[in-house]
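Below you'll find the structure, written out as structure tokens, and then a few comments.
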Amino acid sequence: EAGVVQSPRYKIIEKKQPVAFWCNPISGHNTLYWYLQNLGQGPELLIRYENEEAVDDSQLPKDRFSAERLKGVDSTLKIQPAELGDSAVYLCASSSPSGGGTSYNEQFFGPGTRLTVL
Amino acid sequence: GENVEQHPSTLSVQEGDSAVIKCTYSDSASNYFPWYKQELGKGPQLIIDIRSNVGEKKDQRIAVTLNKTAKHFSLHITETQPEDSAVYFCAASKGDYKLSFGAGTTVTVRA
């Protein structure tokens, strides 16, 4: 079974330019997450989707970041315009449908996109 | 929100020795504690997890212990091998989707 696929793996851009990252989750996984991982830190959640609905985007900087998951499968995360501080690894993860409020389903992570903003 | 602290930030061990990583959490409502391993150029991968109704869990050479009263949990790797070299992250959750990660421990196993 294929894992979470992300592209591109690396991206170098100049500040103020736009950039987009793409993620294809594991087949059958309704829940999709975008995380930000700064160097030497653990991942931080940016947004979570249940199917095509963004159910938690409280940590997404909406002035410059946007995301979409139009058909409830693959997803795109966009930054416009990029700033120097956006240099980081952007991870996508997916999980199978939750079993309820007290259950937890393992999140499977993709390899990430390493963004460098010059 | 939940705050997870992880120590040490780096750990170097001789092959065959044991490695121990410790984490503390702040929110007493947290009840699920996974550990992830991240190799260079890859995403984090779940290696073991523990729920708050269990004090210890073991899977071959790795084990996790949980002390709910003190709000800390630990990862133990025995008989370390070169392939154990990676960054390890602890995390805490209230049993829903939201994971709060520690800052990570870089483990180096010396041959």
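The values are calculated or read from the model by the stated rules, or taken from the named source; none is laboratory data. Here the structure is a predicted model, which is why all the values come from computation and not from measurement. Cβ placement follows ideal geometry from the backbone for every residue including glycine, while neighbour counts extend to all protein chains displayed. Keep in mind that these areas ignore ligands, DNA and RNA; they rest on the heavy atoms of the full protein, side chains included. Shrake-Rupley method; radii C 1.70, N 1.55, O 1.52, S 1.80 Å.
General observations
- Residue within region A:66-86 that is over 15 Å from residue A:24 (Cα atoms), within 14 Å of another protein chain (Cβ to nearest Cβ), touching a Lys or Arg at 6+ places or on another chain (Cβ under 9 Å) and modelled with pLDDT of 95 or more present: no
- Taking region B:1-13 as the range and being at pLDDT 95 or above and open to solvent by less than 70 Å² (accessible area, probe 1.4 Å) as the test, the residues that pass are B:4, B:6, B:8, B:11, B:12, B:13.
- Among the residues listed as A:73, A:55, A:89, the single one being of a type outside the set (D, E, K, R) and either open to solvent by 70 Å² or more (accessible area, probe 1.4 Å) or in contact with a His (Cβ under 8 Å, 6 or more places away or on another chain) (or both): A:73
- Filter pass, residue A:103 being exposed (fewer than 15 other Cβ atoms within 10 Å of the Cβ), over 15 Å from the mean Cα position of the chain (by Cα), modelled with pLDDT under 95 and away from every other protein chain (no Cβ under 14 Å): no
- Members of region B:77-94 that are more than 14 Å from chain A (Cβ to nearest Cβ) and buried (at least 16 other Cβ atoms within 10 Å of the Cβ): B:77, B:80, B:84, B:85
- Picking from residues in region B:95-111 that are among the hydrophobic types (A, V, I, L, M, F, W, C) and buried (at least 20 other Cβ atoms within 10 Å of the Cβ), the one that is farthest from the other protein chains (Cβ to nearest Cβ) is B:109.
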